[in-house]
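Q: Mind looking over this structure? Questions follow.
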Amino acid sequence: MEDLYMEGRIKVIGVANFEIEHLEQLKKQSRISPMINQIETHPEFQQHDLHDYMVRDRILHEAWGPLGQGNKALLEHPVLVEIARNHQKSVAQVILRWHINRGIVIIPKSSNLQRIKENTEIFDFDLSDKEMDRIRQLNTGKRYSVNPTGYMISPIYIRLMKLFVKISVGWILNEIAQSVRTGGLHAFMVNF
């Protein structure tokens, strides 16, 4: 990627779901730092430390799931509802404006034309410092997705996968051996 960037064939090097430790490791192994990192970010999972790190290292923060993946409890949170009412906006618009005020890139997902239009109508109001602080208080550290630092895989799952691979490889080798004995290796390969 770095070579493509240096040749001018790509304009940006980006990553997704990189935590601070991932970015630090990448720094040690690359000549060019990523320019953008897409990470889960919403009012209940604000990623302050990672956000500050990326600002300091000049890496754009792009919110993945900026509306909390449409989580009903988040979109009906009383604090957000009150702020939205005060601005005559929807809760989604308040959340998107909150991201913009933090300097976060947002690409909200929707297939609903009304919501798509609504998502663009966030530049005719601003959130006060007090409102930003109230939203900051909603941070629970709750992810709606898998932690990119790693997740536990059940040892039973690992054993079953090893067994599956062993059985599959054994079956394939047996089929090949039988095909060789009967002179039908070509037919086996075609059917496989």
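The values are calculated or read from the model by the stated rules, or taken from the named source; none is laboratory data. Just so we're clear, the structure is a prediction, and the values are computed from it rather than from any experiment. Methodologically, a virtual Cβ is constructed for each residue, glycine included, from the backbone with ideal geometry; neighbour enumeration extends over all protein chains shown. When the accessible area is computed, the model is the full protein with side chains, heavy atoms only, and any ligands, DNA or RNA have been set aside. Shrake-Rupley method; radii C 1.70, N 1.55, O 1.52, S 1.80 Å.
Q: Let me know the charge dipole size of segment 1-50 about its Cα centre in debye, to the nearest 20, where only the beta-carbon of Lys, Arg (+1) and Asp, Glu (-1) is charged. Intermediate results must be reported in sequence, preceding the final value.
A: Values: 5 positive and 9 negative charges, 66 e Å.
So the magnitude is around 320 debye.
Q: Which order do the peptides 74-82, 112-120 come out in when sorted by mean C-beta neighbours inside 10 angstrom, highest first?
A: 74-82, 112-120
Q: In percent, how large is the relative contact order of segment 54-136, given Cα pairs closer than 8 Å and 6 or more residues apart?
A: Result for segment 54-136 is 33 percent.
Q: Report relative contact order for segment 79-123 in percent, whole number only (criteria: Cα-Cα under 8 Å, sequence separation at least 6).
A: 34
Q: Fully extended, how many nm does the chain gain between ASP3 and PHE125 (0.36 nm per residue separation, minus their Cα-Cα distance)?
A: The ASP3-PHE125 span can extend by a further 39.7 nm.
Q: For Cα pairs less than 8 Å apart in space and 6+ apart in sequence, what is the mean separation divided by the residue count of segment 37-95, i.e. the relative contact order in percent?
A: Relative contact order for segment 37-95 comes out at 34 percent.
Q: If you don't mind, another one. With every protein chain in place, what's the accessible area of MET132 (1.4 Å probe, Å², nearest 10)?
A: Its accessible surface works out to 40 Å², give or take rounding.
Q: Just order 133-141, 23-31 by mean Cβ neighbour count inside 10 Å, highest at the front, would you?
A: 133-141, 23-31
Q: How do the peptides 41-48, 10-17 rank, highest first, by the average count of neighbouring beta carbon atoms within 10 Å per residue? Walk me through the intermediate numbers first.
A: On the way: 41-48: 20.4, 10-17: 13.4.
Per-residue mean Cβ counts within 10 Å order the peptides as 41-48, 10-17.
Q: With both bridge residues required to lie in segment 1-76, what share of the DSSP beta bridges run antiparallel, to the nearest 5%?
A: Percentage antiparallel, nearest 5: 10.
Q: Given 37 °C and 0.692 mPa s, compute D for segment 94-138 with the Stokes-Einstein relation, Rh being the Kirkwood radius over Cα pairs; round to the nearest whole µm²/s.
A: Answer from the Stokes-Einstein relation: 288 µm²/s.
Q: While we're looking at this one, here's another question. Given R₀ = 25 Å, FRET efficiency for ASN112-ILE36 by Cβ-Cβ distance, to 0.05? Write out the running numbers ahead of the final one.
A: Values: r = 26 Å, r/R0 = 1.06.
Working from the Cβ atoms, E equals 0.40.
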